[in-house]
Structure formats: C-alpha cells, structure tokens
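Asker: Mind having a look at this structure? Questions to follow.
The values are calculated or read from the model by the stated rules, or taken from the named source; none is laboratory data. Everything numeric in this text was worked out from a predicted model, so none of it was measured. Here the Cβ positions follow ideal geometry from the backbone for every residue, glycine too, while neighbour counts run over all protein chains shown. These accessible areas exclude ligands, DNA and RNA; they are computed on the full protein's heavy atoms, side chains included. Shrake-Rupley method; radii C 1.70, N 1.55, O 1.52, S 1.80 Å.
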Amino acid sequence: RTELALKEIMSSGGAEDDIPQAERKTVTDFCYLLDKSKQLFNGLRDLPQYGQKQWQSYFGRTFDVYTKLWKFQQQHRQVLDNRYGLKRWQIGEIASKIGQLYYHYYLRTSETSYLNEAFSFYSAIRQRSYYSQVNKEDRPELVVKKLRYYARFIVVCLLLNKMDVVKDLVKELSDEIEDYTHRFNTEDQVEWNLVLQEVAAFIEAHPVMVLNDDNTIVITSNRLSETGAPLLEQGMIVGQLALADALIIGNCNNQVKFSELTIDMFRMLQALEREPMNLASQMNKPGMQDSTEKPARRENPHKYLLYKPTFSQLYTFLAASFKELPANSVLLIYLSATGVFPSGRSDSEGPYDFGGVLTNSNRDVINGDAIHKRNQSYKEMHCLHPGDLYPFTRKPLFIIVDSSNSVAYKNFTNLFGQPLVCLLSPTAYPKALQDQSQRGSLFTLFLNNPLMAFLFVSGLSSMRRGLWEKCQDYLRKINRDIAQLLTHSRSIDQSFLQFFGDEFLRLLLTRFIFCSATMRMHKIFRETRNYPESYPQLPRDETVENPHLQKHILELASILDVRNVFLENTLDDY
C-alpha cells in the first residue's frame, strides 16, 4: 500500500526527483503508521470478549500506534496535505478510531474516565468539522462513516448523561440521514431511521424532568459520588468483601434500547460506577503502566454487558467471571428479562421446577424445541433456572432479578455456606403503572435513582431543582437510617451484613429496602405480588415495615405534597 501511495504521489506531484527525500520519508512513515494502525484496530475484534488479561497488551500496542499516528499527522500536516493529499475526513477517521478505542477500553475496564476521553475526541471531530466535506464527494460509504460516527458519539453522550449534546446530535444526524437517503437511493434508509427512533425513545424514557429556574433541564447523574453510599458507623460489624465483577443481562421483550443497551441495563451499569474523574490526573495511558509500579486500586467493579445472550453465551461469561474472581470478592449477576414459567406440573419443588428468566434461542436448536413441545415433563431449555446458578454459589454471589418470574429465585438453597443474596422485583405492578414497562422497570429505577422512582409512583413528572436537591438530602438521611436498621438488626441473615462492607452493594441494599417500604405504603400497591422480595428473607418489622422508616417516607411525601398517595394507618398497626 505504501508503494502504491508513493507512486500516486509521484505521478500527481511531478517527477520523483522533484520531491525532497525528507518529504518522501514523511509520506512513507505516515503510510506505514496508517497501515499498522488499521491492522491493529481490525485485530481488536478477534480478541476474546471475556477474560481480563489476554487483551491488555494488544490494546496497549494499538493505543501506542494511534498516539504516534495522531501526533505525526499534526506535526507534518503541510507535507501530508501537499504530497499525500490528506483530506480532513481522513483526519476525522483517525480521531474517530481513537474515540472508539477509548470507548472499548471503557467497556473492557469499566473505568468511566475513558468515556471522557472518547467524548473529547468525538467532540473535536464535530468542533473542527472534519467530516464536513464528505457530503461533496460522491461516495456513499464515506457518508456512512459519518453517520456511524454520530451514532457512536450519541452512545458516549448518553452514558455521560450529556442529554443536551444528545439532542443536538440527534437533530444533526436526522438532517444527515435525510441528505444521505435523498442523494443515494440506498437500502439502509429504514435502518438509519430506526436508529433515530431508538435514541428518541431512550431519551423519553426518563419519567421525571428536573428543571432549572429558566426551565432548562438539569442533568442528573446516578453514578456513585463521594457522598453517595451511607457511611459505616464506627464499630459496625460488616464483611470485608468487595464487588469485583458484574454481569448485566438484558433480555426483555419490547423494552426501549439503543446500541445493544436496554434502558434497564443502562440504569444498572451506572449504579455500579463512580463519577468519572479526569483521566490525566488519575492514571497512565491504557496498558502502558510500568510493570514496577503498583496499579492503582480499581475504582469500579468490572462489568460484562450482555444483550439478549443465549444460554451458552451467558454461561461462558459467567464461568469466565467466576474463574477470575479474586479472593474476598463478590460476583454480581443482574437479570432484567422476561419471565419463563414452568409448562407442566411437577410433583417436586427443586431448582428447575419454578421456571426462571428467558435466554435467547438460537435458530439452530429448532429440533430441540420441537421435542420440548411434545413432552411436557421436560424443563424449559431457553431459560436460566435458579439451579443453573448453583455451581457459582461456591463464591460470594449477589443476584438481582427484575422479571415477571423473579420469585422463581426465592427457592434458592445455599449449598456451600458462602454469602448469597437475591434481590427480587415485584412480579406484577398495579394496572395504573403497567403500560410504562417499555420505558424500563420501576424496580431497577428504584435501584438506580430512588428519588426519581419515588416521584414517578407519586404521580409527579417534573420538579424544580431546589426541591429536588432538598429531597436528595433527605433521602441521604433515610439511607443512613436504613443502614443502621440493617446493622442493628438481631435477626437479619448474616449474608446481608457480609456484603454491607462494599459501597456499591451497601447502596443497592439500602435502596432495595427503601423501594420495598415505599411500595408497601403506597395506596395502589395492594397485592403481595406488587412487592419486592429477597432470599434470604429480611425481617420485615426491623426493615421494610419498620415504623421509623415509614415515618421518614411519609415525611418525604409531605415535602413533595403527595402524602395522600400513601397509607397513614400502617403506623397504627404497631
């Protein structure tokens, strides 16, 4: 390729001898770096998706080459313009690839700081209009590169909660798609319009708007901040386990999604991350750490995001996480999936007799399905049963199930005596709330953003910033009190306390109890199936039905002037 490029340069720029040796070398070096970078970038897709060690050195090499390439084109821009004919969209492509590298590094490491780096490269492309000339060239494949850049930039902005930028990008992308389909009679018009519809639905999935005084929308982040998790009191006896790995699985039919992220997955992944820091002040370049240095403590648990996985995919990632789990660490499994109920009656009550949640069915097992339908005594094949998770309870396991059949996981047995907790969503919601399920589950919203969920069940759809912040302060007080209720309880199962030393798990547990207590007090949540459950069971009178906590919830409702939505007389029962 380098020789070909040089020949083209010679033919367009006059005789070979007219080009100074130094300039020829510049073009040769640039072509080499460009080829090398493409080769390494294309090799990324061949790396195993699971396992945390094999890919780091390869990423490091790829970052190195792209860093050199980026600096090289900056230093030699004039020569490359004159002799190579470097176009602005080609610079945009390099920047876009670097943005993609940072985004994929974030996916691999769960370090949110890399999202900021991806954002800065994607922003530079837009600010410097690198792709602006693409529309003048009669090459549809170049326009597609530009459209893909927009889609990737939108994903990064969504993950950073930069909704104002997302709205601008969606408008620009919409105009670009219109221009693209008008100029080139392409077959992918429907696909690109679907991208627009998906992102619009994703933005609208937020049930409550927080407004500034000038009616602009306040961007609320739900990642763990310095003051996020309730602090442990001195002398609190809790476990020293740390959340190290998480599988976030989304397999709900008809739920809002964008780029293989359902709204539930999107919310849960943010509940397991800290607020991003500035990368430059925090760490070295990815994969470049000096082997003599001690690596900085990992800020976030590592995550795998699995959208509609088959059973074998799910089990492969689960086994990889299990294998690599460090000592004194916890594996979290979050399942947001359609419920699968047992098809036949069973006399036994084992871990495969209650159904479970849906896994994706590969088309190549149609044969198995046919056999299954003929014989009612067989178990559901495309389903993650509670029994499927038993082997992994040999290590500390924290399970969250958000499904219409979450109660299947109530029938767990702790075989190995390791810490084990399952938080289970309601299996049905009151009719007034049911049509909202497309926009994400209420249970997951409570675990991600409890105040927004509380406002939603109270019938509020917007709120002023000052009141929002006042309620957030009060909610922090409620969380502190819930933490005390848990640690002071005499009858609570030790598993809860063993997980309570980890900030992320502590926050999830306190939010779960707040969610459960709120639903039990709400006037329209009247059936048992409307309430979350857990394995092991929590002592109700000390936690989810504690009069002190109920008083707090009524006080929060009073601040919002929605006390009439909740039952007052629950307090009289004590």
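Asker: Which one is farthest from ARG223 (Cα to Cα) among residues in region 129-147 that are in contact (Cβ under 8 Å) with a residue 40 or more places away in the chain and open to solvent by 60 Å² or more (accessible area, probe 1.4 Å)?
Answerer: GLN133
Asker: Another question, then. Any idea which residue in region 482-514 is farthest from the chain's Cα centre (by Cα), counting only those that are surrounded by fewer than 17 Cβ atoms within 10 Å (Cβ to Cβ) and in a helix (DSSP H, G or I)?
Answerer: HIS488
Asker: Another question, then. Scan region 480-496 residue by residue and report those that are touching a Leu at 6+ places or on another chain (Cβ under 9 Å) and polar (S, T, N, Q).
Answerer: Within region 480-496, the first condition is being touching a Leu at 6+ places or on another chain (Cβ under 9 Å), and the residues that meet it are 480-483, 485-487, 489, 492-493, 495-496.
Within region 480-496, THR487, SER489, SER495 meet the criteria.
Asker: Could you list, in sequence order, all residues of region 255-276 that are touching a strand residue (DSSP E or B) at 6+ places or on another chain (Cβ under 6 Å), open to solvent by less than 30 Å² (accessible area, probe 1.4 Å) and among the acidic types (Asp, Glu)?
Answerer: Matches in region 255-276: ASP264 only.
Asker: The conditions are (1) in a loop (DSSP other than H, G, I, E, B); (2) of a type outside the set (Phe, Trp, Tyr); (3) under 15 Å from GLN438 (Cβ atoms); (4) in contact with a Phe, Trp or Tyr (Cβ under 6 Å, 6 or more places away or on another chain), and VAL238 fails exactly one of them. Which is it?
Answerer: (3)
Asker: Scanning for something surrounded by 13 or more Cβ atoms within 10 Å (Cβ to Cβ), within 30 Å of PRO386 (Cβ to Cβ), touching an Asp or Glu at 6+ places or on another chain (Cβ under 8 Å) and assigned by the TED database to the domain that holds LEU423, does region 544-563 turn up at least one residue?
Answerer: Yes, region 544-563 contains a residue that is surrounded by 13 or more Cβ atoms within 10 Å (Cβ to Cβ), within 30 Å of PRO386 (Cβ to Cβ), touching an Asp or Glu at 6+ places or on another chain (Cβ under 8 Å) and assigned by the TED database to the domain that holds LEU423.
Asker: Could you tell me which numbered condition PHE525 fails, if it satisfies all but one of (1) open to solvent by 10 Å² or more (accessible area, probe 1.4 Å); (2) in contact with a helix residue (DSSP H, G or I) (Cβ under 7 Å, 6 or more places away or on another chain)?
Answerer: Unmet for PHE525, out of (1) open to solvent by 10 Å² or more (accessible area, probe 1.4 Å); (2) in contact with a helix residue (DSSP H, G or I) (Cβ under 7 Å, 6 or more places away or on another chain): (1).
Residue-by-condition table, conditions (1) open to solvent by 30 Å² or more (accessible area, probe 1.4 Å); (2) in a helix (DSSP H, G or I):
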{"position": "ASP168", "(1), (2)": "yes, yes"}
{"position": "THR186", "(1), (2)": "yes, no"}
{"position": "ASP213", "(1), (2)": "yes, no"}
{"position": "THR227", "(1), (2)": "yes, no"}
{"position": "LEU232", "(1), (2)": "yes, no"}
{"position": "ILE249", "(1), (2)": "no, no"}
{"position": "ASN253", "(1), (2)": "yes, no"}
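Asker: Please specify each residue of region 509-565 satisfying the condition of being among the basic types (Lys, Arg) and within 24 Å of THR487 (Cβ to Cβ).
Answerer: Residues satisfying the conditions are ARG511, ARG520, ARG540, LYS551.
Asker: Moving on. Can you find a residue that is among the polar types (S, T, N, Q) and closer than 30 Å to GLU275 by Cβ anywhere in region 391-399?
Answerer: No, because not a single residue in region 391-399 is among the polar types (S, T, N, Q) and closer than 30 Å to GLU275 by Cβ.
Asker: For region 397-418, enumerate the residues that are part of a loop (DSSP other than H, G, I, E, B) and surrounded by fewer than 24 Cβ atoms within 10 Å (Cβ to Cβ).
Answerer: Answer for region 397-418, where residues must be part of a loop (DSSP other than H, G, I, E, B) and surrounded by fewer than 24 Cβ atoms within 10 Å (Cβ to Cβ): SER404, ASN405, PHE412, THR413, ASN414, LEU415, PHE416, GLY417, GLN418.
Asker: Does LEU455 satisfy being open to solvent by less than 40 Å² (accessible area, probe 1.4 Å) and either without any contact (Cβ under 8 Å) to a residue 40 or more places away in the chain or not assigned by the TED database to the domain that holds GLN255 (or both)?
Answerer: Numbers: open to solvent by less than 40 Å² (accessible area, probe 1.4 Å): yes; either without any contact (Cβ under 8 Å) to a residue 40 or more places away in the chain or not assigned by the TED database to the domain that holds GLN255 (or both): no.
Taking the combined requirement at face value, the residue does not satisfy it.
Asker: Right, something else. Check whether at least one residue in region 535-543 is over 21 Å from ALA242 (Cα atoms), at pLDDT below 95 and open to solvent by less than 10 Å² (accessible area, probe 1.4 Å), and report yes or no.
Answerer: Yes, region 535-543 has at least one match.
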